[in-house]
Every structure is written in structure tokens, then in C-alpha cells.
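Chemist: Please find one structure pasted underneath; my questions will follow.
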Amino acid sequence: MRDTPQTLCRTEAILALKLIEEEYHELCEALFPGSTDLLDSPASNIEDGRAPYEPNLIEVADALADLDVVINGAGIRHGFDMQALSHEVFSSNMSKLDADGKPLYRDDGKIAKSSLFREPDIAGALGIKVAA
């Protein structure tokens, strides 16, 4: 663990990415058995309703928890306060809602940014002063 935000050495950075990649593949396999990479799989065409969809709920939960652990571990190795970062990003994401607290959806199903949206203050969450 590091007390202040800093970059990782190349070896640590590669290890962090490999751990994240491994858990991502496990999540893909849990959601779409037989597929270890959703983006390169026929399962990614699930919207047409022809591809079978039989996820294993226990394995999905395990893979998501493992992803959370390796992602937070990577952040902690960087010296990041992951709780502060998560809070800041969550707060920013919630600012996408409209004045009535309702989400506005884009055509692809993602939530659009309302006029109330504010970018997350990542530097502030990290305690880093940025020159204006």
C-alpha cells in the first residue's frame, strides 16, 4: 500500500491488468457459458433473442466480487483512496438525472447526461491540487 497517489512500476501495472483481465473473462464465462470474451463472441449478439442466455448467478456474483477486489487492489497499490474515488464518481453519475431525479436514456440504452451533469472531480478525490 502507498500513502500518496503514484504510478506503478511496469511489472505491477501489467500484473494489475492481467488480474482484471482474468476476472473479466470469468465474468463473461459466467454470463455466457462458452464465451471468455463477450466482445469477440456470438453471445454479444444477444439482442436478437436467438442466442441462449443462461447465466450462472453464483458464478456471476463471484466474478463481479473478484473484479471489485482486483480493481480496488490496483487502486490501493496506486495509493488511491478508492472509497473517496467511488463516492465522487457515483455522485457525478447521479448528476446525470434530470430535475425530477429521472434518467434520460440514449438510443443505445445508456443514461444520457442531463443539463445538471457535473464531471467528477478525480483530482479532488485524490487530494491532488491541479493548477488552474
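Chemist: What is the number of the single condition among (1) surrounded by fewer than 13 Cβ atoms within 10 Å (Cβ to Cβ); (2) within 24 Å of GLY75 (Cβ to Cβ) that GLY109 does not meet?
Modeler: Exception for GLY109: condition (2).
Chemist: While we're here: Within the stretch 49-91, take every residue that is in a helix (DSSP H, G or I), acidic (Asp, Glu) and in the same structural domain as GLU22 (by TED's automatic domain parsing) and give me the one that is nearest to GLU119 (Cα to Cα). Spell out how you get there, then give the answer.
Modeler: Here is the first cut: in the stretch 49-91, the ones in a helix (DSSP H, G or I) are 57-77, 82-91.
Filter once more, so that each one left must be acidic (Asp, Glu): 59, 62, 66, 68, 88.
In the following step, the residues that additionally are in the same structural domain as GLU22 (by TED's automatic domain parsing) were identified as 59, 62, 66, 68.
On the way: GLU59: 34, ASP62: 31, ASP66: 28, ASP68: 23 Å.
Checked the stretch 49-91; the qualifying residue nearest to GLU119 (Cα to Cα) is ASP68.
Chemist: Still on this structure, please answer the following. Is it fair to say ASP68 is surrounded by 11 or more Cβ atoms within 10 Å (Cβ to Cβ), more than 15 Å from the chain's Cα centre (by Cα), acidic (Asp, Glu) and modelled with pLDDT of 95 or more? Spell out how you get there, then give the answer.
Modeler: Values: surrounded by 11 or more Cβ atoms within 10 Å (Cβ to Cβ): yes; more than 15 Å from the chain's Cα centre (by Cα): no; acidic (Asp, Glu): yes; modelled with pLDDT of 95 or more: yes.
Here the answer is no, as ASP68 does not meet what is asked.
Chemist: Collect the residues in the stretch 1-30 that are among the hydrophobic types (A, V, I, L, M, F, W, C) and free of Cβ contacts under 8 Å to residues at least 60 places away in the same chain, keeping them in residue-number order.
Modeler: Initial filter on the stretch 1-30 (among the hydrophobic types (A, V, I, L, M, F, W, C)): 1, 8-9, 13-17, 19-20, 27-28, 30.
If the condition is that a residue be among the hydrophobic types (A, V, I, L, M, F, W, C) and free of Cβ contacts under 8 Å to residues at least 60 places away in the same chain, then CYS9, ALA13, ILE14, LEU15, LEU17, LEU19, ILE20, LEU27, CYS28, ALA30 are the ones that fit.
Chemist: Please determine whether any residue of the stretch 73-92 is touching a Phe, Trp or Tyr at 6+ places or on another chain (Cβ under 7 Å), surrounded by 13 or more Cβ atoms within 10 Å (Cβ to Cβ) and among the hydroxyl-bearing types (Ser, Thr, Tyr).
Modeler: no
Chemist: Of everything in the stretch 112-122, what is surrounded by 13 or more Cβ atoms within 10 Å (Cβ to Cβ) and in a loop (DSSP other than H, G, I, E, B)? Give them in sequence order.
Modeler: Selection gives LYS113, SER114, PHE117, PRO120, ASP121.
The values are calculated or read from the model by the stated rules, or taken from the named source; none is laboratory data. Nothing here was measured: the structure is a model prediction, and the numbers come from that model. Backbone-built Cβ (ideal geometry, glycine too); neighbour counts: all protein chains shown.
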